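Just below is one structure, and these are the notes that go with it.
The values are calculated or read from the model by the stated rules, or taken from the named source; none is laboratory data. Source: prediction; values computed, not measured. Protein only, heavy atoms only, side chains kept; ligands, DNA and RNA dropped before computing areas. Shrake-Rupley method; radii C 1.70, N 1.55, O 1.52, S 1.80 Å.
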Amino acid sequence: MFCLSRLPKLRPLPRPLLAAAHRLRIDLRCSISSSAPPQVSPRGDEEECGDFLPWLERKAGVEVSSCLSIGKSAYGRSLFSSKAIRAGDSILKVPFNVEISPDDLLPEIRSCKVGNVAKLAAVILKELKMGQDSDWAPYMRCLPQRKEMHSTVFWSDEELEMIKESSVYQRTIDKKVGMEREFSVLRHALDRHFPEVSKDMEFEDFMHACALVESRAWESSKGYSLVPFADFLNHDGLAKAVLLRDEQKQFSEVIADRNYAPGEQVLISYGKFSNAILLLDFGFTIPHNIHDEVQIQFNVPLQDPLFKMKLYFLQRHCLQITRKFGISKCSADNFTIKEVRSAKGKGTGIPQSLHAAVRVLSCTSLEELNDMEEEAAQNDGRLGRRPLKNINREIQAHQLLLPHITKLIDQYSASAKLMNPTGCPASKRGGIRRSMACELLAGELHILKSAASWLGNYTTNL
């Protein structure tokens with residue numbers, strides 16, 4: 001049995017198109033890791049989904065859970081303990097025969113040149129189009145509607161402006177472009193082989209279906225699969241419980257990681273995701289997310305006399321390079337920074353790839369570049385592993401980065417000040433998204449400040 005991965009884990013962070021996914025519930029996943037659970041209503045969803053679990057168990061032919069019930073929390077549809085649960089208890093088992101995968105599509109659609117997210121989205125569109133005639137109608141009724149979802153692909157241009165300093169802004173734009181491209185391909189295939197599904201289908205319908213997949217589907221041997229009932233579980237950043245998959249016994253399972261009293265909301269972990277991933281793919285954020293990170297760009301100006309040589313060194317020594325060289329007016333590299341826990345300038349601080357990059361970019365002659373590589377070769381060959389022996393050059397290299405980060409801090413701070421409360425109730429969509437934007441920027445600003453503090457102390461203490 002192994003841990004079943006949510007979609008976001010499958011895609012690299014910088015990858016703009018079809019960003020990974022995990023789960024979402026009314027797209028506001030629970031952030032229990034930093035605050036007490038909100039008031040919950042274990043019986044608040046009986047009218048809409050009260051018959052869902054019995055229906056699923058009849059369809060599966062086995063019991064799925066004897067200790068969980070569907071209800072609503074402040075964060076949407078959720079699962080609650082219907083009786084006392086002890087750590088180590090198996091709280092649900094969903095057989096593979098009631099999972100939804102692209103295998104449910106016609107071969108002509110499965111062979112379509114679109115990603116697995118789009119293929120599974122086509123399954124959802126088909127079932128939604130069939131309405132009550134769908135074999136999955138009880139499950140489809142329990143899925144969140146588009147107006148309930150807060151992934152940034154649903155944000156207006158004005159709402160996106162709130163997060164323009166974050167990489168999520170551009171990644172959202174790129175993601176929608178990718179969705180539009182795949183919608184065009186899929187729509188053409190559906191028109192030919194499944195016209196009853198494509199009839200009256202709009203891009204917004206496809207975007208909604210993709211968001212449902214990205215926020216709910218899990219990695220499986222079939223690509224991605226929806227695991228009904230298990231996908232009602234909300235996220236706790238500190239939880240140890242995860243969805244497990246047993247290929248031999250053909251079921252997905254969750255083992256409780258702690259005791260639960262009757263009526264408590266049961267939580268699992270979707271993975272170690274930053275607010276950037278959570279907001280882009282799931283539509284929620286976590287206050288003080290310990291997994292937050294920031295994407296920054298560092299450039300080699302085209303007018304640099306050592307332009308080609310620096311690109312060569314960067315490609316050899318900076319593992320996080322995204323190879324955008326030659327595409328724009330300058331060659332840009334993306335680097336991921338996490339919180340620097342030691343602000344005293346000790347330890348590695350910023351990523352080794354960024355250490356290497358600033359050392360390369362600060363060189364003013366080919367001789368300096370060659371000397372630096374020869375010095376690295378005397379150790380383990382990595383430019384980012386140890387400080388340069390020439391302390392002045394080491395200081396100059398890192399002082400090159402500090403103003404860049406300081407500028408980002410100023411930009412983030414200015415954006416945060418513009419998002420003062422506007423009187424929009426937090427329960428309204430605009431207020432919810434403003435709160436998410438604030439948490440996203442606050443987390444990334446905290447990381448930038450930690451990096452700036454570390455850099456300042458590092459260059460001072462050398």
Solvent exposure, largest accessible area first (probe 1.4 Å, DNA, RNA and ligands not counted), of HIS446, HIS193, HIS317:
HIS446, HIS193, HIS317
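If I take all pairs of Cα atoms in the stretch 73-166, what percentage of them are more than 23 Å from each other?
Summing the P(r) tail past 23 Å for the stretch 73-166 gives 52 percent.
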Considering only protein heavy atoms, what is the solvent-accessible area of GLU161 at a probe of 1.4 Å, reported in Å² to the nearest 10?
90
Run down the aspartates and glutamates and flag those whose C-alpha is under 16 Å from the C-alpha of LYS389, throwing out any fewer than 8 positions away in its chain.
GLU367, GLU368, ASP371, GLU373, GLU374, GLU375, ASP380
Kindly identify the stretch 126-245 as rounded, prolate or oblate by the Cα gyration tensor criterion: order the square roots of the eigenvalues as a ≥ b ≥ c, call it rounded if a/c is under 1.5, otherwise compare a/b with b/c, prolate if a/b is larger, else oblate.
oblate
